[in-house]
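What follows is calculated from the coordinates using simple rules that are stated; it is not laboratory data. All of these numbers come straight from a predicted model, not from anything done at the bench. FYI the Cβ positions are ideal-geometry reconstructions off the backbone, even for glycines, and counts take in every protein chain you see.
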Amino acid sequence: MQEVRSHANDAETGTASSTRNTVIRSPSQMSPEELRSLTDSIIAALKTVFDPEIPADIYELGLIYNVDIDDSRFVTIEMTLTAPACPVAGEMPMWVENAVSVVPSVAGAKVNMVFDPPWDQSRMSDEARVALDMW
């Protein structure tokens with residue numbers, strides 16, 4: 001299984017985002033080009049999901065901790081919330097599953113909510129900090 005730290009450093013990953021700490025794991029037989037394409041598509045899908053109370057997407061907020069892609073291209077996502085009592089806690093996992101499930105080549109998606117480590121503002125990207133005016 002390949003493991004890619006996503007967006008630790010834009011210069012290293014060649015991506016446009018600077019979110020830290022997301023780990024993407026994929027089957028070992030996936031070519032680097034295929035992994036890059038699928039990763040970019042999954043991230044793009046994750047970036048379509050917003051907390052209704054926060055004007056930044058869940059990926060840039062740092063709510064996505066891990067993305068695992070198995071041999072059948074089923075995607076398992078570990079994510080958290082800004083607070084365990086978030087009003088959309090029951091709905092957001094389904095929003096994420098629906099967004100990722102429609103990515104071409106993805107067989108399906110499942111979200112596991114985790115609260116350890118707890119989310120904090122250090123997980124946000126610069127893009128999210130600008131959107132929230134949190135410098």
FRET efficiency (ALA83, PHE50; Cβ distance; R0 22 Å; to 0.05) is 0.90
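Kindly identify segment 42-116 as rounded, prolate or oblate by the Cα gyration tensor criterion: order the square roots of the eigenvalues as a ≥ b ≥ c, call it rounded if a/c is under 1.5, otherwise compare a/b with b/c, prolate if a/b is larger, else oblate. Intermediate results must be reported in sequence, preceding the final value.
Values: a/c = 2.01, a/b = 1.60, b/c = 1.26.
It is prolate, given that a/c is not under 1.5 and a/b is the larger ratio.
Subtract the Cα-Cα distance of PHE74 and PHE115 from 0.36 nm times their separation in residues, and report this length gain in nm to one decimal. Let's see the in-between values first.
Details: separation 41, 0.36 × 41 = 14.76 nm, distance 2.27 nm.
So the chain would gain 12.5 nm between PHE74 and PHE115.
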